[in-house]
Protein chains: 2
Amino acid sequence: MGQKNNLRTPKGTYDLTPEVASVKARLEEICEKIYKKHCAVKIETPTFELRENLDDKYGEDTKLIFNLEDQGGDICSLRYDLTVPFSRFISKNLISRIRRYQIGNVFRRDNPSKGRLREFTQADFDITGNNLPMVYDSECIKICSEILTKIVKEFPIFESFKLKINDRRILMGIMEYLEVEEDMQMSICSTVDKYEKLSSYELRKEFELKGLSKSQIDTLQDLFDFSNKNSNENILEKLTEFKNTKITEAVEEMKLLLRYLKIYKVTNFKIDLTLARGLSYYTGIIFEGSFTGVEMGSICGGGRYDELCRSISTFQTPCVGFSIGVSRILNVLPITSNFIVKDCLVGSAYGKLLEERMLLTSKIQEKYNCEMMPGDNLNYKNQIKYAEKNNFKLIIFTGEKELENKTLQIYNLKTNDKKVINECDLFKELKNILQY
Amino acid sequence: MGQKNNLRTPKGTYDLTPEVASVKARLEEICEKIYKKHCAVKIETPTFELRENLDDKYGEDTKLIFNLEDQGGDICSLRYDLTVPFSRFISKNLISRIRRYQIGNVFRRDNPSKGRLREFTQADFDITGNNLPMVYDSECIKICSEILTKIVKEFPIFESFKLKINDRRILMGIMEYLEVEEDMQMSICSTVDKYEKLSSYELRKEFELKGLSKSQIDTLQDLFDFSNKNSNENILEKLTEFKNTKITEAVEEMKLLLRYLKIYKVTNFKIDLTLARGLSYYTGIIFEGSFTGVEMGSICGGGRYDELCRSISTFQTPCVGFSIGVSRILNVLPITSNFIVKDCLVGSAYGKLLEERMLLTSKIQEKYNCEMMPGDNLNYKNQIKYAEKNNFKLIIFTGEKELENKTLQIYNLKTNDKKVINECDLFKELKNILQY
């Protein structure tokens, strides 16, 4: 077909068809309902921010930020995540205590050929303000776990989920213990993060390249292998051997966390000392979740970031939160029209009685989703085909005979039942069949 | 307060606080529910499009398009509306028949000093495909009217609403009748659109400047004055005097429209021959809505645009639809926390019994929105203050005595009632008070 315009979407972006959009809406609804259960309030921030507010926040990934063209006026960039705008929001409004959620699209000039999207949806939840140690941290992990539980329950493609938990202070304590230079610590951590992906040989090679000695590498390797094979309690026990202040502090709080997660009946988690997470702003607990039963990476992650506000202004409040990668989950879900609910199609008797059908449609719409069969001169078969294709549950036929007798014909697409009813019983019948 | 970053949002954009975001969510919910009642399905398109797909669609307003910086790869711009991306979507996927809605943000480099937003939310509804004349057109106006009716009912700041209806073919027919050069027609129409805003003198002056003769201006002025003072039926009658094919065709269909709107019980509308609407892609009916009781411009508008697809590719399908200006409506609504629903705050007896309160909170969250009072060492008064400030309905207190007696104390913030209940009656009591 000849084209005057290029009909594709920009690389790394895509259109959501009604089916895909309906599944996405359901995922967002699951997140939103659970966030609200925990008394979070919603905020919205602009799609783009002043560039100066973003360009020192993401370390190496700053190069992935989408810039707006300088067309005069403010120099702006599309938001890269929802966390930095949230920190700007609370700093600007001096809000020290809030439980907020935000569901929105973020933008990264990532490599689409690796399957990475350049625009994707995140559903974020964060709590700010002082509290006793690990109270908010454990609540975040609980909420995250509730959402994943609900998604697993609703989408059978997923078997279960698992959460990995670590603490930046443990990683930093280990770096201190190994006497790694401060400017190399984040870089070493990014190699640590690859523990699962790389072979033992590749991992050692990369540590070596980054300047670690054999004995440093041995210590790391031993610790990570231990973490991989041992229980949460044993890992915490093992960590006390380092006698490092940062590690000791983190271990004490981790013990509290385990206690609280037990109260919350959160069980699908494991302390994993190789979890590092990319973003540089974390200061305490970090965690990441993934589904089992499908081949895919992590679909949520978060942690404590007590210093991000301070890096923006002199306003300061501790923060902990996480993000659900809605688009990532959506990407692996089978496309279904199960979430598109259409109740009634008002059928046409060969295009006759247009105004009567308009009236009937309008009447049904007072309570149910309803559409009038489009066009004229349509036969019975075509209408059933249209109704099936468009996920209708029922067709309500009227006609000259029906009009005379004050009756209607209901065709049930699920059971293929046909039934003639009195017009005055319509809503009673619909309630019976549609169950609402 | 000293700032390391500039905490403001870019000019023409703003943050939505929880209260504002909750009102916006309600407006969107109203639109979405009514769209779904009419069996529309949701789609999503990317926030940015290939620039070539936008830059010939908006006439003079093309200069208001936000461009992304050329950072290598696709040359893109932020979407200016949801209609052009929708047309690209159906053209790409060869969808000739769809009823779709889309709620999303659009971007215009408009003048913020005039109170215009540079990012704002629209809730669009469109129907494509062939049907008998005016069937879809009247349905669109009905849906628009349903939404405005619902908003007026829910937000007492609005007294009522009114819809203006016109047809591009009438305007074009008049231009033909007056023998206005084709390349001047859109420009003349944009002056026509100012009929209400300008004085009669200013209007004539502007027509004169655009090259119309005195007799041409007289004809227009007479017609518009007539339109302003006469009933829909009289206006249609008057238009037949022109004996112009385009006008005659439009008048015949307008008569049908009046008939259908009567069936749909839509009454708050008036044919207004001065309604022109800015966008150049309309080909038939056009309409615009506004609220009465507040000083503000139009808050929704739409029309038929049968040729937009053809301008994109060789794919062709007739389209009619409209857009609700969610941000515009939001802008004039009073800020309220009525839409933020928080059921229970679990109160702290001076920070004691933390784990018991965690358990209780978690239990209540199985059914209701619930949060545990943050921090420790808090007194009764502070907690009531916190609950009031955060829109809680109830505080559930536990304490050592309560724990011993297996009781709880419920404090009702609306009635100021305090009540001691048995722990096992908690959900019964909550259902009683919260009514769900």
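The values are calculated or read from the model by the stated rules, or taken from the named source; none is laboratory data. None of these values were measured; they are calculated from a predicted model. All Cβ positions, glycine included, derive from the backbone under ideal geometry; neighbour counts span all protein chains shown. Remember, those area values only see protein heavy atoms, side chains included, never the ligands or the DNA or RNA. Shrake-Rupley method; radii C 1.70, N 1.55, O 1.52, S 1.80 Å.
Values for this structure:
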{"quantity": "The listed residue being modelled with pLDDT of 95 or more and open to solvent by less than 80 Å² (accessible area, probe 1.4 Å), out of B:Lys363, B:Lys406", "calculated": "B:Lys363"}
{"quantity": "From the options B:Ser311, B:Ser327, residue that is in the same structural domain as B:Gln122 (by the TED database) and either free of Cβ contacts under 8 Å to residues at least 40 places away in the same chain or out of contact with any strand residue (DSSP E or B) (no Cβ under 8 Å at 6 or more places or on another chain) (or both)", "calculated": "B:Ser311"}
{"quantity": "Residues (farther than 18 Å from B:Asn130 by Cβ and either more than 13 Å from chain B (Cβ to nearest Cβ) or touching a helix residue (DSSP H, G or I) at 6+ places or on another chain (Cβ under 8 Å) (or both)) located in the range A:364-391", "calculated": "A:Ile364, A:Gln365, A:Lys367, A:Tyr368, A:Asn369, A:Cys370, A:Tyr380, A:Lys381, A:Ile384, A:Glu388"}
{"quantity": "Selection from the range B:343-356 of residues that are facing another protein chain (nearest Cβ under 10 Å) and either surrounded by 22 or more Cβ atoms within 10 Å (Cβ to Cβ) or more than 24 Å from A:Leu258 (Cα to Cα) (or both)", "calculated": "B:Asp343, B:Cys344, B:Leu345"}
{"quantity": "Residue within the range A:71-80 that is closer than 24 Å to A:Ile188 by Cα, buried (at least 20 other Cβ atoms within 10 Å of the Cβ), among the charged types (D, E, K, R) and more than 8 Å from chain B (Cβ to nearest Cβ) present", "calculated": "no"}
{"quantity": "Residue count, the range A:53-70 (criterion: within 24 Å of B:Asn111 (Cβ to Cβ) and either of a type in the set (Val, Ile, Thr) or modelled with pLDDT of 95 or more (or both))", "calculated": "4"}
{"quantity": "Matching residues in the range B:82-103 - criterion: being more than 9 Å from chain A (Cβ to nearest Cβ) and open to solvent by less than 10 Å² (accessible area, probe 1.4 Å)", "calculated": "B:Leu82, B:Val84, B:Phe86, B:Ser87, B:Ile90, B:Tyr101"}
{"quantity": "Qualifying residue in the range A:276-289 (condition: open to solvent by less than 50 Å² (accessible area, probe 1.4 Å), at pLDDT 95 or above, touching an Asp or Glu at 6+ places or on another chain (Cβ under 8 Å) and in a strand (DSSP E or B))", "calculated": "yes"}
{"quantity": "Filtered residues of the range A:104-136 (kept if acidic (Asp, Glu) and either farther than 19 Å from B:Asp74 by Cα or crowded, with 23+ Cβ neighbours inside 10 Å (or both))", "calculated": "A:Asp124, A:Asp126"}
{"quantity": "Residue ID - nearest to A:Glu60 (Cα to Cα), chosen from residues in the range A:117-154 that are over 15 Å from the mean Cα position of the chain (by Cα) and among the basic types (Lys, Arg)", "calculated": "A:Arg118"}
{"quantity": "In the range B:104-136, the residues that are within 11 Å of B:Cys319 (Cβ to Cβ) and assigned to a helix (DSSP H, G or I)", "calculated": "B:Tyr136"}
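Yes/no matrix, rows are residues, columns are (1) surrounded by 22 or more Cβ atoms within 10 Å (Cβ to Cβ); (2) charged (D, E, K, R):
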position: B:Gln221; (1), (2): no, no
position: B:Ser231; (1), (2): no, no
position: B:Ile235; (1), (2): yes, no
position: B:Thr248; (1), (2): no, no
position: B:Glu252; (1), (2): no, yes
position: B:Lys265; (1), (2): no, yes
position: B:Phe269; (1), (2): no, no
